[in-house]
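The values are calculated or read from the model by the stated rules, or taken from the named source; none is laboratory data. All of these numbers come straight from a predicted model, not from anything done at the bench. Here the Cβ positions follow ideal geometry from the backbone for every residue, glycine too, while neighbour counts run over all protein chains shown.
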Amino acid sequence: MDVNRELSFEIAKKTKADSWATWKNAVKAINYLEGQPVAYIEGWIVLDEKNGSLVVEHGWLELKGEIIDPTAYRTTVHYFPGVKIDPPPKELPALKSFGSLSKEYYKNYPAAYQKALALSKKQESNK
């Protein structure tokens with residue numbers, strides 16, 4: 001799935017996205033895109049850095065087969081979804097703080113992390 005960098009940038013600019021507030025930015029994007037068929041995703045990303053790669057817990061959206069990410073749209077990122085919420089929450093706290101959600105929501109989360117970690121290790125060994 002590709003990142004729609006143009007729309008991600010537009011949302012980041014209009015909502016004043018904070019580079020360290022991934023879940024907050026995703027929820028702001030949900031509200032910005034109100035009425036559109038978005039899904040809220042929490043999982044892991046692998047950032048390609050000059051000195052190696054970095055595995056980071058992250059939140060983003062999916063819209064019509066594209067990733068919308070007002071936080072990390074400027075960098076090369078590999079996405080590993082762990083949890084998909086559709087319809088998405090409209091305010092914080094987002095999924096991470098939903099005490100009422102069953103463990104069923106998180107069943108893919110550890111596997112997503114393992115996949116992200118494997119890619120990071122592979123990238124490290126290729127440098």
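Brief remarks follow.
- Unmet criterion (only one of (1) assigned to a strand (DSSP E or B); (2) modelled with pLDDT of 90 or more) for Ala116: (1)
- The set of residues in segment 5-23 being over 15 Å from the mean Cα position of the chain (by Cα) and not polar (S, T, N, Q) consists of Glu6, Glu10, Lys13, Lys14, Lys16.
- Breaking point among (1) closer than 18 Å to Lys14 by Cα; (2) in contact (Cβ under 8 Å) with a residue 40 or more places away in the chain; (3) among the small types (Gly, Ala, Ser), for Gly35: (2)
- When residues of segment 72-112 are limited to those that are assigned to a helix (DSSP H, G or I) and closer than 30 Å to Glu10 by Cβ, the one modelled with the lowest pLDDT: Ser97
- Subset of segment 21-37 that is closer than 12 Å to Gly59 by Cβ and hydrophobic (A, V, I, L, M, F, W, C) - its residue that is surrounded by the fewest Cβ atoms within 10 Å (Cβ to Cβ): Ala21
- The condition of being free of Cβ contacts under 8 Å to residues at least 60 places away in the same chain, under 17 Å from Val83 (Cα atoms) and among the aliphatic types (A, V, I, L, M) holds for only one of Val56, Val46, that being Val56.
- Flag if Glu49 is over 12 Å from the mean Cα position of the chain (by Cα), at pLDDT below 95 and closer than 27 Å to Lys13 by Cβ: yes
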